[in-house]
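Engineer: Got a structure for you, questions after.
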Amino acid sequence: MSLVVLTGAGISADSGVATFRGGGGLWEGHPVEAVATPEGWEADPALVWRFYQERRRGLCDVEPNAAHHALTELQQRQDVTIVTQNVDDLHQRAGSEVFAMHGELRRLKCEECDTVIRDEDSLSDEFLPCANCGHERMRPDVVWFGEVPYHLSAIEAALRKAEMLVVIGTSGAVYPAAGYLEWARAAGLATVVQALDEPDNLHPKDLWVPGRASEEVPRLVSNWLGE
Ligand code: OAD
């Protein structure tokens, strides 16, 4: 069976990574516009850099959970495209191939020369200059509001050939990812939705699987693998 799996913050919640919503438009105490827009970066790069450096340091203390591992096993045995909105690298550390459509905390990008580096070690609150062009500060290579997500054409191609879309741990609030479920239903794909709370875009046609991803995803994967 050909599957697309779309994941959001909920899949990493059981690893101890905080989700985004539920805090009244705040992300860890900051207005989202202040820390997740190009304008916020322009206005106060030091605050935004400190905010992401804290998230980048936090990645050193978390590990993939049973849901990430189950999806890796599924991907090894079936035709599975994993698309994640998450900027942590827990799918990758579990051994999955993923399209990280909102970028990755462990990548940094130079706005002057477009150089992108993978960096796990520069974790102080000092800006990191670009080693290629000398620009004074690299930015996190994460997609902010108003920017275009990565891999959109590859994701759409995978959806067009899939028989089922499985959506895990996302509130269905941020587009274009939130639109994939509606597109899949209209195209006749089977749709499965797993999360703790019903997402905004849940529909009676979807198979709704409430609960914690670390418990429910391994169960779903075992079923699909016929175990
Ligand atoms: P949200 O924080 O909006 O939603 C998290 C979802 O995970 C909710 O539906 C919860 O019910 C569910 N959840 C929480 N704990 C769970 C658990 N243990 N098991 C299963 N589900 C659980 O996060 P996202 O939908 O991922 O974008 O947010 C989408 C985007 O908004 C993010 O990628 C980010 C943010 O702005 C960018 O930074 C561009």
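The values are calculated or read from the model by the stated rules, or taken from the named source; none is laboratory data. Because the structure is a prediction, the values reported are computed rather than measured. A quick note on method: Cβ atoms are made from the backbone with ideal geometry, for glycine too, and the neighbour counts reach across all protein chains shown. In case anyone asks, the SASA skips ligands and DNA or RNA and just uses the protein heavy atoms, side chains included. Shrake-Rupley method; radii C 1.70, N 1.55, O 1.52, S 1.80 Å.
Engineer: So which pairs qualify, if the first residue must be in region 71-88 and farther than 27 Å from R21 by Cβ, the second must be basic (K, R) and more than 10 Å from the ligand (Cβ to nearest atom), the Cβ gap must be under 9 Å, and the two must be at least 6 apart or on different chains?
Structural biologist: Cβ pairs passing all conditions: D79/K161.
Engineer: Report the residue count in region 169-213 for those that are within 12 Å of the ligand (Cβ to nearest atom), part of a strand (DSSP E or B) and polar (S, T, N, Q).
Structural biologist: 1
Engineer: When you go through R185, R219 one by one, which is the residue that is open to solvent by 60 Å² or more (accessible area, probe 1.4 Å) and basic (K, R)? Steps first, please.
Structural biologist: Details: R185 fails: open to solvent by 60 Å² or more (accessible area, probe 1.4 Å).
After ruling out the rest, the residue left standing is R219.
Engineer: Continuing with this model, one more query. Restricting the search to region 133-147, which residues are open to solvent by less than 40 Å² (accessible area, probe 1.4 Å), among the hydrophobic types (A, V, I, L, M, F, W, C) and under 16 Å from the mean Cα position of the chain (by Cα)? Show your work before the answer.
Structural biologist: Taking region 133-147 first, the residues open to solvent by less than 40 Å² (accessible area, probe 1.4 Å) are 138-144.
Those left that are additionally among the hydrophobic types (A, V, I, L, M, F, W, C): 138, 142-144.
Of everything in region 133-147, those that are open to solvent by less than 40 Å² (accessible area, probe 1.4 Å), among the hydrophobic types (A, V, I, L, M, F, W, C) and under 16 Å from the mean Cα position of the chain (by Cα) turn out to be V142, V143, W144.
Engineer: Looking at region 195-208, which of the residues that are under 20 Å from P176 (Cβ atoms) and of a type outside the set (D, E, K, R) is surrounded by the most Cβ atoms within 10 Å (Cβ to Cβ)?
Structural biologist: Within region 195-208, the match that is surrounded by the most Cβ atoms within 10 Å (Cβ to Cβ) is A195.
Engineer: What residue, among those in region 148-162 that are out of contact with any Gly (no Cβ under 9 Å at 6 or more places or on another chain) and outside any helix (DSSP H, G or I), is surrounded by the most Cβ atoms within 10 Å (Cβ to Cβ)?
Structural biologist: First, pick out the residues of region 148-162 that are out of contact with any Gly (no Cβ under 9 Å at 6 or more places or on another chain): 148, 151-162.
Subsequent filtering for residues that are outside any helix (DSSP H, G or I) retains 148, 151, 162.
Details: V148: 8, H151: 15, A162: 21.
Top of the filtered list is A162.
Engineer: From (1) crowded, with 17+ Cβ neighbours inside 10 Å; (2) out of contact with any helix residue (DSSP H, G or I) (no Cβ under 7 Å at 6 or more places or on another chain), pick out the condition that doesn't hold for E42.
Structural biologist: Condition (1) is where E42 drops out.
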